[in-house]
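Q: Starting off with a structure, shown below.
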Amino acid sequence: MNLALGPVARITRSANYKWWVFSSVALGLFLTVTDQSGVNIALPRIAEHFGADLPAAQWIALGFTLSTSVMFMPVGRLSDIFGRSHVFMAGFAIFVAAAIIGGTAVAFPMLIAAKLLQGIGVAGIEANGMAMVADIFPERERGKAIGLYMSIIGAGAVGGPVIGGTLVSLFGWRSIYAASACVGIIALLLAAVVLRREVNRDDSQPARTSFDWTGAALSSIVLVCFLLSITNGHRLGWDSPVVLGGIGAAVASLALFVWWEGKAEAPMLDLTFFRSKVFSLGVSARFLSFLAGSAVYFIMPFYLVQGLGLEPSHAGLLMVPGSIAIGVWGPVSGRLSDKIGTRWLTVVGMALAGTGMLLFSTLDENSSTMKVMFSIFLEGTGIGLFSSPNTSAIMTAIDSRKFSVASAFLNLVRTSASLIGIAIFTAIVVFTMSSQGFAPDLSAVTETGGIEIKLVFIAGMKRAFFAAAMVMFAALIVSALRPENPRPAAD
């Protein structure tokens, strides 16, 4: 045997091979989550460097999320054709290339283009990571594996602002892109060594080589029209012809997409997934939970900085308990779900998350930081208890050969729900402010308008968090209705 191949052979034939696969996936997931949150910390420095205003700077994050959302479903389908690990590694190659372009950008449009390209690479990584973990671990350990997967997300959410802030302070904003490129290369090399064909797809089944270009185009049109309309509704006005026309185009394209997918020979999204009550209700609860949860990460920083007058560094630390709770409780709930089932853990999780949201709705300009931290920790604990069992139930309800497209769809549900949630809860705050005669724009909170504008903003925030709590409790009801002990669907 070739000695150069000896270590590779030992890894792929190891009894602990599933943990090697998990390590490769975990490094990729940690990198993408850390990069996203780290770049957000660098946005003020980036905007200052290029002379970009806040609306323009926001497109670094918005464009990234939009391109990722649009590509999730096509990437999932390509994974079924060419293999999960191949598309996973291609995602890293694109991610690294985009990081190099972004780190050397000499103009702001070039940086936006780099983030759009990086979003495509992240879609290839995230759409396949969960699928490979769910596939390589036996069903009796799937909850534990997905729980650990969720802990990596929590670790990345905590580490991103800390690592990113340190790099920006010491070496400037370009260092974030340089670090991402270096770690991305390491992750790509690890994946090339560890991942083998068995993780890609079921080789006993003939691979379908056709690609649903019509479905890909229609799904992209749906997402672009809908997400752009939703994210610009509060700025252009919800009765704007542009916004209404965009939503109408999204609805029409969605109807065409569903009709086409029902008749296509190799559809982008297998609509038979929704015949499973476990899948349909699990996905619905997932959508509602991410929609409500988006209020915390978008509105809370404004409250901490403008409402309580904290320094941004202090405000960031107050957000950490929520991420820690998700990272801690994700593996715990995953292990428990393997033993006691998934349904009631999701119900308890949504009950705690909803209670945390209700506590947010009682915050005012005099609330203590301890109350804020407890509320954030309670909400994070609920999300941690909910996410792993819910995801495990969904993935177990379908055939393992369809994990790639299902994983891509679940990621699409996450990103779409978060963007829609931000738009809805922002609209609640903006409506409250405008009804009191203040500028209908969250940026007005940062202006020196005295105590009154702060109180009006907090009033709108409390309404938004109460609405988010009701959405969480709706997810609780949906989770309670979901059947227990799902069986893998027949192909």
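The values are calculated or read from the model by the stated rules, or taken from the named source; none is laboratory data. Everything numeric in this text was worked out from a predicted model, so none of it was measured. When we count neighbours, we look across all protein chains shown, and the Cβ atoms used for this are built from the backbone with ideal geometry, even at glycine. Keep in mind that these areas ignore ligands, DNA and RNA; they rest on the heavy atoms of the full protein, side chains included. Shrake-Rupley method; radii C 1.70, N 1.55, O 1.52, S 1.80 Å.
Q: Computing the accessible area with a 1.4 Å probe over protein heavy atoms, can you report the carbon and sulfur percentage for the stretch 46-150?
A: Heavy-atom surface of the stretch 46-150 belonging to carbon and sulfur, 1.4 Å probe: 71 percent.
Q: What spacing in nm lies between the two simple spin-label points modelled at residue 277 and residue 182, each 7 Å away from Cα in the Cβ direction?
A: Spacing of the two 7 Å Cα→Cβ label points: 5.4 nm.
Q: Could you tell me what % of all Cα pairs in the stretch 271-412 have separations over 18 Å?
A: Beyond 18 Å sits 58 percent of the P(r) for the stretch 271-412.
Q: How many nm is it between the label spots at residue 104 and residue 50, if each spot is 7 Å from the Cα in line with the beta carbon?
A: Roughly 1.7 nm, to one decimal.
Q: Show me 99-106, 381-388, 129-136 ranked by packing, highest mean number of other Cβ atoms within 10 Å first.
A: 381-388, 129-136, 99-106
Q: What pairs in 144/402; 18/339; 18/402; 371/462; 18/277 have C-alpha atoms more than 26 Å from each other? Walk me through the numbers before you get to the answer.
A: Details: 144/402 20 Å; 18/339 20 Å; 18/402 19 Å; 371/462 15 Å; 18/277 30 Å.
Where the Cα-Cα span goes over 26 Å, the pairs concerned are 18/277.
Q: Right, next: Measuring from centroid to centroid over Cα atoms, what is the spacing of the stretch 272-301 and the stretch 332-365 in Å?
A: The stretch 272-301 and the stretch 332-365 have Cα centres separated by 13 Å.
Q: Would you work out the charge dipole size for the stretch 113-164 about its Cα centre, treating the Cβ of every Lys and Arg as +1 and the Cβ of every Asp and Glu as -1, and quote it to the nearest 20 debye?
A: Roughly 100 debye for the stretch 113-164.
Q: Enter the accessible area of residue 49 (Å², nearest 10), with the probe set to 1.4 Å and all protein chains included.
A: Here the accessible area works out near 100 Å².
Q: Please say if the stretch 44-134 is rounded, prolate or oblate, where rounded means a/c under 1.5 for a ≥ b ≥ c the square roots of the C-alpha gyration tensor eigenvalues, and otherwise the choice is prolate for a/b larger than b/c and oblate otherwise?
A: Verdict is prolate for the stretch 44-134.
Q: In whole Å, largest first, what are the principal axis extents of the Cα atoms in the stretch 94-165?
A: Principal-axis extents of the stretch 94-165 (Cα, largest first): 51, 25, 13 Å.
Q: Got a number for the accessible area of residue 186? Probe 1.4 Å, square angstrom, nearest 10.
A: Spelled out: residue 186, probe radius 1.4 Å, area about 100 Å².
Q: Using the Cα centre as the reference, give the magnitude of the dipole from point charges on the C-beta atoms of the stretch 339-481 (Lys, Arg: +1; Asp, Glu: -1; all else neutral), rounded to the nearest 20 debye.
A: 640
Q: What is the pair-distance distribution P(r) of the stretch 125-196, computed from all Cα-Cα distances in 10 Å bins starting at 0, with each bin given as a whole percent?
A: Result, from short to long distances: 16, 37, 32, 13, 2 percent.
Q: Something else: Using the Kirkwood radius over Cα pairs, work out the Stokes-Einstein diffusion coefficient for the stretch 215-289 at 4 °C and 1.567 mPa s, in µm²/s as a whole number.
A: It comes out at roughly 94 µm²/s.
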